[in-house]
Amino acid sequence: MITRKQYRSAKDTVQYFDKSLAQADYHTQDGLIIGTWNGQAAERLNLSKQVHRDDFEKLCNNIHPDTDERLTSRTVKNRTVAEDWTFSVPKSVSIQHAITGDEDIIKAMEGAVKDTMTEIERDTETRVRKDGVYENRKTGNLVWAAYTHDDSRPVEREINGKKVHLPDPQLHQHVVIMNATFDEQESEWKAVQFRNMVASIPYYREVFGSRLAGRLQECGYKLERSAQNFEIAGYSRSTIEKFSNRTALIEEIAKEKGITDAAAKAELGAKTRTNKRKGLNGEQLQQFRLSQLDEQELAVIRNAKSIADAGEKKKDVEAAREAVDFAIEHGLARKSVVDHRELVKHALKKGKVSTTKEEIEFAIAGHEKLRSRETETGRIYTNVEAHIEEKKLIAEARIGKGKHRPINPDYEIKNNSLSEEQTKVVKHILNSTDFITMVNARAGTGKTWSMKEVYQGAKEAGKPFSAFAPSSEASRRVQREDGFEDATTIAELLVNEKRQAEIQNGIIWIDEAGMVGNATLNRTINLAKKHNARILLTGDTRQHNSVERGDAMRILEKYGQIQAATITKNYRQKSEKYREAVEALSKGKMEDGYTQLDRMGAIK
């Protein structure tokens, strides 16, 4: 597990050092933890291995610890001073260490953290904002302070009628990443661009878990997968819950406040801290923890580590392959393309106990179901199935061009209130000779009025016109309210033979087509060909993405050689300023749109 907190005040960061980082444990006030400096940037700054408070304070205040000069070129107000990334082990591992004091567990955790931080360091970037250049540049160096703790924040408990504040066993390491990296190309210290590092935390989390699992198994611990991570084999849920009082407290408070989001719960945890200690010293705490365990639980702890199993990591010839198959199934279930890290992340979720990151990457490289190519941001993958779906979609659109007679080329528009743009769209559809016809209509442009006219044109030509949409909201409510009483979902069309008979020799109109995936549209295409029907797609690819794999309408728009008609003028918003704001948003001009809305007083 990796959690993150950002510090924007030098004073608060130094206070955090004094009150939390350097304290030996949350349950005692004796002694201090000795932190260590790490990273290539720490070497360049000539920092000693041990973290001294004055060096830490100087870095927090953007001062070079060796020269006492300003470190980076700018010290702006509210700047990011540092980020605290906390690497935590599974609860059973914390309990095992708390009861047995096995130093191999500490070494396994610290080694896994160091390996993961080395990879994070290689990814380090800084901003480049000179001479019209607006990009990020990799620097590959960081400076971070590492502090190991073995307990959680205390929780109030009652023992023998006396209230005491007791911590749970929770082995973790704080990695405080200072906001400074050296840019070799510009030969100066600069601020770290944390954005991509933070976005990659889900990947780093799985990498850390895999490395920790591997090191623990090398020490002789047998592990088993849990729902989200892994635990030491044999540990029961009841044992884990005995030492999860802080988690239970946060869950209780979250329930009272109606909080369900994981990130919000983590923030809640930070706000419910206490440093109080009443009644128990370290030895008494250990005795209390032992008293919570029955003989069966103690036996599991005594037998958890086997010297005979040391170095014998659980091996399964097919483990890496199975993990990658799982990653393909889940990572590419709703996407046509995933990047390398996302694929590795999904694979590690499945195989972190039975395989390694390196074995997974080897399996990815040789997997016959994957197709890949290198991009500016790294290697991306698709699978053969998704590749075939996309190629079929494009081929059907291209082959179907000009293969049909116009629907009703002589139709005379009945609704004189249609705009010139709306009229052109109606004529475009009724004169189309293509198997697939598209209209890109933005929100509020009066698309429905155009479709009603198309319906009349098709009806006069003796062609059935059936309305469908990806969701029941769009079909059974919106389309039906707009006058298409028999509108239903594409899903129903694909399984309902009565509906299928109704499309014979007709037009299949799919609204909100930007939400349709490749597989669904391909099935609809097969059905249309079977019943000699044609397909009309309307939607806004800027507004909607498909839920399932592949943005079919966007792909057809870009690669299908289909000339889409477009409706852009907004008629829904009566206020001119409101209409301008909505039009700006529909074109992707977010700042302009929200600025206009703010000026109108529409944002509260």
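The values are calculated or read from the model by the stated rules, or taken from the named source; none is laboratory data. Only a predicted model underlies this, so the values are computations on that prediction, with no experimental measurement involved. Using ideal geometry, Cβ is built from the backbone for each residue, glycine included, and neighbour counts are taken over all protein chains shown. Surface areas here come from the heavy atoms of the whole protein model, side chains and all, with no ligands, DNA or RNA. Shrake-Rupley method; radii C 1.70, N 1.55, O 1.52, S 1.80 Å.
General observations
- Residue in the stretch 370-387 that is within 30 Å of ALA533 (Cβ to Cβ) and open to solvent by 60 Å² or more (accessible area, probe 1.4 Å) present: yes
- Only one of the listed residues (SER372, SER336, SER354) is within 22 Å of the chain's Cα centre (by Cα) and touching a residue at least 40 places away in the same chain (Cβ under 8 Å). That residue is SER336.
- Figure legend. Inter-residue proximity from the stretch 59-72: first residues more than 14 Å from ILE177 (Cβ to Cβ), second residues acidic (Asp, Glu) and open to solvent by less than 70 Å² (accessible area, probe 1.4 Å), beta-carbon distance below 6 Å, spacing 6+ or different chains. Indicated pairs: PRO65/ASP55.
- Matching residues, the stretch 76-90, being over 20 Å from THR116 (Cβ atoms) and touching a residue at least 40 places away in the same chain (Cβ under 8 Å): ASN78, ARG79, THR80, VAL81
- Residue match in the stretch 34-43 (condition: under 21 Å from PHE182 (Cβ atoms) and more than 33 Å from the chain's Cα centre (by Cα)): yes
- Within the stretch 457-485, the set of residues being more than 15 Å from ILE429 (Cα to Cα), part of a helix (DSSP H, G or I) and not hydroxyl-bearing (Ser, Thr, Tyr) comprises GLU473, ALA474, ARG476, ARG477, VAL478, GLN479, ARG480, GLU481.
- Pick from the stretch 188-204, criterion assigned to a loop (DSSP other than H, G, I, E, B) and under 23 Å from the mean Cα position of the chain (by Cα), ranking: farthest from ARG341 (Cα to Cα): VAL192
- Verdict on PHE484 being aromatic (Phe, Trp, Tyr), within 39 Å of the chain's Cα centre (by Cα) and farther than 18 Å from ALA564 by Cβ: yes
- Residue list for the stretch 194-214, restricted to those being more than 23 Å from SER226 (Cα to Cα) and open to solvent by less than 10 Å² (accessible area, probe 1.4 Å): MET197
- Of all positions in the stretch 522-543, none carries a residue that is outside any helix (DSSP H, G or I), free of Cβ contacts under 8 Å to residues at least 24 places away in the same chain, touching a helix residue (DSSP H, G or I) at 6+ places or on another chain (Cβ under 6 Å) and within 26 Å of SER586 (Cα to Cα).
- Of the residues making up the stretch 388-412, those that are modelled with pLDDT of 90 or more and open to solvent by 30 Å² or more (accessible area, probe 1.4 Å) number 14.
- Here TYR571 fulfils each of the conditions (1) modelled with pLDDT under 85; (2) assigned to a strand (DSSP E or B) apart from (2).
- Remark: SER48 falls outside the filter, which requires a residue to be under 30 Å from TYR221 (Cα atoms) and either touching a His at 6+ places or on another chain (Cβ under 8 Å) or without any contact (Cβ under 8 Å) to a residue 24 or more places away in the chain (or both).
- Test: residue in the stretch 60-72 that is under 17 Å from TRP189 (Cα atoms), touching a Gly at 6+ places or on another chain (Cβ under 9 Å) and not in a loop (DSSP other than H, G, I, E, B): no
- The C-beta contact set for the stretch 211-238 (first residue over 19 Å from LEU298 (Cβ atoms), second residue β-branched (Val, Ile, Thr) and open to solvent by less than 80 Å² (accessible area, probe 1.4 Å), distance under 6 angstrom, 6+ apart or interchain) comprises ALA213/VAL353; GLY214/THR356; LEU223/VAL353; ARG225/VAL353; PHE230/VAL353.
- Selection within the stretch 450-506 - touching a Phe, Trp or Tyr at 6+ places or on another chain (Cβ under 8 Å), surrounded by 20 or more Cβ atoms within 10 Å (Cβ to Cβ) and aliphatic (A, V, I, L, M): MET451, VAL454, ALA458, ALA467, ALA487, ILE490, LEU493
- From the options THR437, THR423, THR382, residue that is over 25 Å from ARG523 (Cβ atoms) and not in a loop (DSSP other than H, G, I, E, B): THR423
Residues are listed down the side, and each one gets a yes or a no for (1) aliphatic (A, V, I, L, M); (2) within 18 Å of GLY101 (Cα to Cα); (3) modelled with pLDDT of 90 or more:
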| site | (1), (2), (3) |
| --- | --- |
| PRO154 | no, no, no |
| VAL164 | yes, no, no |
| ASP168 | no, yes, no |
| VAL175 | yes, no, yes |
| SER187 | no, no, yes |
| ALA191 | yes, no, yes |
| PRO202 | no, no, yes |
| VAL207 | yes, no, yes |
| LEU212 | yes, yes, yes |
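- Inter-residue pairs, beta-carbon under 8 Å, first among the small types (Gly, Ala, Ser) and in the stretch 564-583, second at pLDDT 80 or above and assigned to a loop (DSSP other than H, G, I, E, B), 6+ apart: SER575/MET600; ALA581/MET600; ALA581/ALA602
- Unique residue being over 30 Å from ILE328 (Cα atoms) and modelled with pLDDT of 90 or more when the list is ARG523, ARG599, ARG579, ARG534: ARG534
- Of all residues in the stretch 337-364, those satisfying the criterion of being open to solvent by 20 Å² or more (accessible area, probe 1.4 Å) and under 23 Å from LYS391 (Cα atoms) are VAL337, ASP339, HIS340.
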